[in-house]
Every structure is written in structure tokens, then in C-alpha cells.
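Before any comments, here is the structure.
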Amino acid sequence: LNIGVLISGGGTNLQALIDQINKGNINGKIRLIVSNKEDAYGLVRGRLAGIESIYIDPKGFIDSKEYDLKIMEEFKKKDIDLVVLAGYLKILSKEFIKNFENRIINIHPSLIPSFCGKGYYGKKVHQGVLDYGCKYTGATVHFVDEGTDTGPIILQEIVKVEEDDTLDSISDKVLAIEHEILVKAVKLFCEDKIIIEGRKTKIK
Ligand code: GRF
């Protein structure tokens, strides 16, 4: 399968995907990486891996719909079958989501439906977990639908919150789990092993 990846930041999830594909563990190929942030280190990771990696400046477009149409155009040129959001912090337009229905996978650093949706991204998620006094947190990979972090869940994995955990130690532990389950979900998708039933999924 041809994979297109959208990023906004450091790209450690992208790197995990690149590494597993290079090891031959995933029957897919990343054909294009697009970032909405010019300084996203994920662009450097893509280029180092020999993958076409481009920055598309949102300021060049009237609104999110026009921006996404540009990405859709670039993805069409590469015949993209699966879109992976790897630390992508821009909300997708409904046109984009409709165009790639049930073919957009997102990684979120919490056990959805906890600490997700508006305003919960990156470290804000982990701060919420710590402030609330949760004993466990984790990560979720899900299909993207019109909502924010609301699509059918594919995989989740838990992380224990220890008493001496800090914002950094929690985010490090969760990030490591993100890498594991994102790669596993993409592998399952490429092997056509994910069955969607309504808002739920089953793994063959
Ligand atoms: C991290 O907060 C991660 O939890 C979330 O996006 C942010 C950056 O991830 N998925 P990455 O290192 O850019 O993949």
C-alpha cells in the first residue's frame, strides 16, 4: 500500500513507521510526507530516509478546505491508499475525511475517550492525567471521522502512572507505546486485518 503521512512536529511516530517499513515488517511504502509546520523535524527524518517530504504553508490558502484540497492533490499524484496522522495538529476538513473514508489513522497519547478532543494534545494530555490522579494512561490508534479523536478505535495500550512520574516521564512512556501501536495498526491495515463494524473494529 502507498502511505501518505501528515506531521507537525518531531516525527518520532513517523520514524517508528520508517524503521519498521525498512525492516520489511510492513507491507506498505511511505510515498509522501507533508507537514503544516516548516520547522517540523519530521521533514528532516523523511529526507534522511529518502522519502519526498514537503512543507505546505497554510498561509497560502484561504481556509482549511483549500489547504486540504492541496494535500489531496499531492496524495492523488502518489496514489495514496492510507493516510497516517503522526503528531499532526491541524483539524482535517470534512472533504478530506470523506475522500479518505476509513483510510485515515491517527495516534492519540491517551486512552480515548479520556483526555481527548478540543485542547487535549501533546503534553496537555499528560498534564490532565497527572492533575486528575489517574493510575493508568496510555495511547490510542483510531480511524479519523468528522469528529476530533472520535473515530473507531483500532488499538489501545496502557501505561502505569507511578507516584514519582512527572510530565516528562509520563510523556516518554506514552510516546514509546504510541510508536508500538501505531506501527502495529498500520501493519494490520496493510494486511487488511481490520474489520470496521459501526463505530467498533475487530482484528482478523
Ligand atoms: C506527541 O505529543 C505525541 O504524543 C502525539 O504527537 C506529538 C508528537 O509526536 N502523537 P511525534 O514525535 O511528532 O510523532
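The values are calculated or read from the model by the stated rules, or taken from the named source; none is laboratory data. These figures come from a predicted structure and were not determined experimentally. All Cβ positions, even for glycine, are placed from backbone atoms using ideal geometry, and neighbour counts span all protein chains on display.
When segment 1-20 is filtered for residues that are over 13 Å from the mean Cα position of the chain (by Cα) and within 15 Å of the ligand (Cβ to nearest atom), the ones remaining, listed by number, are Ile18, Asp19, Gln20.
Per the conditions (1) touching a residue at least 40 places away in the same chain (Cβ under 8 Å); (2) crowded, with 18+ Cβ neighbours inside 10 Å; (3) within 12 Å of the ligand (Cβ to nearest atom), the sole criterion not satisfied by Arg45 is (1).
Being crowded, with 19+ Cβ neighbours inside 10 Å and at positive phi is true for just one of Asp192, Asp149. Which residue is that? Selected residue: Asp149, the only one of Asp192, Asp149 that is crowded, with 19+ Cβ neighbours inside 10 Å and at positive phi.
Residues in segment 21-42 that are of a type in the set (A, V, I, L, M) and away from the ligand (no atom under 16 Å from the Cβ) were compared, and the one that is farthest from Lys78 (Cα to Cα) is Ile26. Scanning segment 115-145 for residues being at pLDDT 95 or above and more than 14 Å from the ligand (Cβ to nearest atom) gives a total of 9. Quick check on segment 52-67. Is at least one of its residues within 18 Å of the chain's Cα centre (by Cα) and among the hydroxyl-bearing types (Ser, Thr, Tyr)? Yes, segment 52-67 contains at least one residue that is within 18 Å of the chain's Cα centre (by Cα) and among the hydroxyl-bearing types (Ser, Thr, Tyr).
Tell me, yes or no, whether segment 86-96 has at least one residue that is out of contact with any helix residue (DSSP H, G or I) (no Cβ under 9 Å at 6 or more places or on another chain), of a type in the set (Ser, Thr, Tyr) and modelled with pLDDT of 95 or more.
Here is the first cut: in segment 86-96, the residues out of contact with any helix residue (DSSP H, G or I) (no Cβ under 9 Å at 6 or more places or on another chain) are 88-89.
Narrowing further to those that are of a type in the set (Ser, Thr, Tyr): 88.
Filter again for modelled with pLDDT of 95 or more, leaving 88.
Yes, the conditions are met somewhere in segment 86-96.
Here Asp172 does not fit the description of being surrounded by 13 or more Cβ atoms within 10 Å (Cβ to Cβ), under 16 Å from Gly117 (Cβ atoms), of a type outside the set (Gly, Ala, Ser) and within 14 Å of the ligand (Cβ to nearest atom). Here Gln156 passes the criteria (1) farther than 21 Å from Ile91 by Cα; (2) within 17 Å of the chain's Cα centre (by Cα); (3) free of Cβ contacts under 8 Å to residues at least 12 places away in the same chain except the one numbered (3). Restricting attention to segment 93-104, does a residue exist that is within 15 Å of the ligand (Cβ to nearest atom) and either of a type in the set (A, V, I, L, M, F, W, C) or closer than 28 Å to Ile26 by Cα (or both)? Yes: segment 93-104 contains one or more residues that are within 15 Å of the ligand (Cβ to nearest atom) and either of a type in the set (A, V, I, L, M, F, W, C) or closer than 28 Å to Ile26 by Cα (or both).
Which residues, counting only those in segment 73-99, are free of Cβ contacts under 8 Å to residues at least 40 places away in the same chain and buried (at least 18 other Cβ atoms within 10 Å of the Cβ)? Listed by number, the residues that qualify are Ser93, Phe96, Asn99. When Cys190 is tested against (1) touching a residue at least 40 places away in the same chain (Cβ under 8 Å); (2) under 18 Å from the mean Cα position of the chain (by Cα); (3) within 12 Å of the ligand (Cβ to nearest atom), just one condition goes unmet, and that condition is (3).
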